[in-house]
Structure formats: structure tokens, C-alpha cells
1. With angles folded into 0 to 90 degrees, how steeply does helix 34-57 sit against the dominant principal axis of the chain? Use alpha carbons for both and round to 10.
2. Run the Debye formula on the Cα coordinates of the chain, all scatterers equal and no solvent, and tell me log10 I(q)/I(0) at q = 0.08, 0.14 1/Å.
3. Treating the beta-carbon of each Lys and Arg as +1 and of each Asp and Glu as -1, no other charges, what is the dipole magnitude of the chain about its Cα centre, to the nearest 20 debye?
4. With label points built 7 Å along Cα→Cβ from the Cα atoms of Arg208 and Ala50, find their separation and express it in nm.
5. Could you check which residue among Pro170, Pro105, Pro59 shows the biggest mean-square fluctuation in a GNM of the chain with a 10 Å Cα cutoff?
6. In deg cm²/dmol, rounded to 500, what helix-only [θ] at 222 nm does the chain give when every DSSP H run of at least 4 residues adds -39500 (n - 2.57) and the total is split over its residues?
7. May I ask for the angle, rounded to the nearest 10°, between helix 184-203 and the longest principal axis of the chain, with both axes built from Cα atoms and the value confined to 0 to 90°?
8. Once both labels are modelled 7 Å past Cα along the beta-carbon direction, what's the Gln8-Asp147 spacing in nm?
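Computed from the coordinates by the stated procedures, all read-outs in this text should not be read as laboratory data. Here the structure is a predicted model, which is why all the values come from computation and not from measurement. Cβ atoms come from the backbone with ideal geometry, glycine included; neighbour counts cover every protein chain shown.
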Amino acid sequence: MNGKLFLQAILKFLLGVVLVGVLIFLPAGTFSYFGGWLLMGILFLPMFLAGIVMMAKNPALLKGRLDAKEKQKEQSLVVKLSGLMFIAGFVLAGLGVRFDWYTLPEWAVYVSAAVFLFAYGLYGEVLRENTYLSRTIRVQEGQKVIDTGLYGIVRHPMYSATLLLFLSMPLVLGSVYSFLIFLAYPILIAQRIKHEEALLEKELPGYREYKEKVKYRLIPWVW
């Protein structure tokens, strides 16, 4: 086991737990926030298990997922704006609890949690199919075009999964107002895809032909 990679993964995981917890519960002014605990559970427990699996079976993939520093200016801006979206959305959901704003009914929260877990399953399948995935846009040595499985349906199934994940997050928190903030994500991810595909066409052999074969980027029959 790579001790340095393990330590890096654990520290990032714990930092994520603390940061999300602070952003949700501090504005709420209470720990009695069911939606907050539900989101923390369905977000971090699968993440922890997935990290263990990647550490044991594919440390290179885990390392790629931990590397989040974008070198391209346009992509760096997308990452920063996404971070602001998360901060604003989580804080707004917490404030909704503090000031007793309208919250979704319990059944809607559970349905949203089910959608979130389904999207997590899709995300895991994408990681299984494509071991070249990283959090930054780059072409790795020996990388090949993947055109089977979910990649035979849309060109960016990871982003399709994150679209479901991120749009269901505020609904798990029960906050319609937070959901409005998270509607910025489809716009941000569309910009990221635009720049990513330009890079892949230029540097990844066979990607232009793949685009001709698989017509849709994110949502089948839509875009």
C-alpha cells in the first residue's frame, strides 16, 4: 500500500466531511437537521468505500481523482465557480432551517436521496469502465478512447452522473432555494465539456471518430 497516497486520501476525505458539515450545520444553528445528516451519510459513506476499493485495486485511479488542480485558465474558473455554487447552496439550505423557510416534504427528500444513490452507482460504473479518469482535463500516456458501456450512450457519462448527483443534493437537504443555486451547474459543466472536447480532439487519437459515433454529450436525445 502506498502510505503517502493513503494519507493524502484520508486527509482530503476528513477535510471534506468537516467542510461540508460546517457549511450545512453552522448556518442552520443546530445539529437537528435530518436532511443534513442524510446527505452527509449518502455522500461520504459510499465515497469512503469507493476510496478503499480504489486504493486496493487501482491506486493510479485514486491518485488521479485526488488531483484537482486545473492548469487551464478556463477550467480553473469553472472549478472555482462550482466551489462557490456549493458554498452558497449549502449555506442557503442551512439558513432555511434556521429561519424556518419552506422545506420539501419528507417523501420528496427520500426520493431525492434515491436518485442521488442511483447517480452514485452510475458514477462508480464510469470509474470501472474508464481507468483514465482524473479530476483535471488532460490526456494521459497510453490513454485510449472508451466507446463501450455508458460511453456508448453519451460521451461524458461521468458528467451525466454528477449532474444527477449535484441537482439532487439540495433536494435531499429539502431546500428549493438551494436547488435554484445548483441550477448553475448544468451551465458550468457545459462550458467544461466544450473545452475538454477541444483538447481531446486535438490530443487523443480516435476521439473525432468517437464523436461521430456517439452523438450526445450529456443527456441522450437532448444534448
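1. Approximately 30 degrees, to the nearest 10.
2. Ignoring solvent entirely, the Cα scatterers give -0.31, -0.95.
3. 540 debye
4. 3.4 nm
5. Pro105
6. -24000 deg cm²/dmol
7. That helix lies at roughly 20 degrees to the long axis.
8. About 3.3 nm, to one decimal.
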